[in-house]
Amino acid sequence: AAIEYMKEFTHREHLERVMKLLDDSLNNPNETHLKEQFFQELAMFRQYNLSEEKELFFLYFEFKSGLRIRRKQFTLIANAREKIKDGQYGLAFQLIMAGGKTSVILSTLLEIFAEEGHLACAICHHSQYASLKNNLLHFQRSRFGKDVITLEATMQELCDEKALTNLLFRINRAKTERCPLLILSTFPQLLLAKFKKDCLTLSDPTSIPMT
């Protein structure tokens with residue numbers, strides 16, 4: 001019953017989007033992009049198979065997000081999922097702006113892998129960190145009722161026991177609550193540098209204070 005309800009609900013939303021685009025294009029005949037959007041939306045159909053249990057998540061995603069997953073988005077999600085499951089991490093792709101990289105692809109993959117028991121992580125450059133953090137937090141909370149847990153620290157903070165304990169707490173919370181981790185791209189490098197520094201310090205007996 002729940003599946004049928006979501007199926008009919010998302011179908012109705014799709015028809016409402018089509019009718020709105022039709023009205024907009026008729027009321028603005030000189031705006032050719034509205035006509036193109038209308039035909040694109042009209043031609044859209046479900047990219048997944050509702051008879052496949054593993055693909056029912058996509059119906060739930062469309063139900064919660066109000067979006068219809070496009071063919072390219074579905075293909076990228078499916079390919080990324082299979083490659084990561086097979087231990088391959090060399091997948092790269094590029095989409096135009098507003099192509100659904102964050103709102104559809106990243107949001108979906110993070111939720112899928114988190115629910116499968118993996119520690120789902122997204123690593124982001126500092127120039128996009130604040131924007132991605134806010135957008136992901138909105139998407140994951142509104143769709144799946146989950147937080148986005150961040151990992152970031154300076155070298156000075158990595159020398160503080162309380163800061164390290166807090167980072168470990170965040171990682172454990174992400175694993176327990178099946179929430180995604182958003183990691184600042186410099187964090188793994190700083191963590192590795194701190195680890196190497198500690199290894200060098202411990203390898204030199206003269207550098208260890210005597211008690």
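The values are calculated or read from the model by the stated rules, or taken from the named source; none is laboratory data. Keep in mind it's a predicted model, so treat the numbers as computed, not measured. Because the Cβ atoms are built from the backbone with ideal geometry, glycine has one as well, and the counts that use them run over all protein chains shown. Surface areas here come from the heavy atoms of the whole protein model, side chains and all, with no ligands, DNA or RNA. Shrake-Rupley method; radii C 1.70, N 1.55, O 1.52, S 1.80 Å.
Summary of computed values
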| read-out | value |
| --- | --- |
| Every residue from region 160-194 that is open to solvent by 60 Å² or more (accessible area, probe 1.4 Å), among the hydrophobic types (A, V, I, L, M, F, W, C) and closer than 18 Å to H125 by Cβ | L191, L192 |
| Residue in region 195-209 that is in contact with a helix residue (DSSP H, G or I) (Cβ under 7 Å, 6 or more places away or on another chain), surrounded by fewer than 15 Cβ atoms within 10 Å (Cβ to Cβ), outside any strand (DSSP E or B) and among the hydroxyl-bearing types (S, T, Y) present | yes |
| Neighbours by Cβ (under 8 Å, 6+ apart or cross-chain): first from region 172-201, farther than 14 Å from L119 by Cβ and without any contact (Cβ under 8 Å) to a residue 60 or more places away in the chain; second open to solvent by 40 Å² or more (accessible area, probe 1.4 Å) and part of a helix (DSSP H, G or I) | K194/C159; T201/S207 |
| Output for region 140-159, where each listed residue is of a type outside the set (S, T, Y) and either open to solvent by 20 Å² or more (accessible area, probe 1.4 Å) or part of a loop (DSSP other than H, G, I, E, B) (or both) | R141, F144, G145, K146, D147, V148, E152, A153, M155, Q156, E157, C159 |
| Flag for I123 being open to solvent by 70 Å² or more (accessible area, probe 1.4 Å) and touching a residue at least 40 places away in the same chain (Cβ under 8 Å) | yes |
| Tally, over region 1-15, of residues that are surrounded by 14 or more Cβ atoms within 10 Å (Cβ to Cβ) and acidic (D, E) | 1 |
| Filtered residues of region 1-52 (kept if in contact (Cβ under 8 Å) with a residue 24 or more places away in the chain and not in a helix (DSSP H, G or I)) | M44, Q47, Y48, L50 |
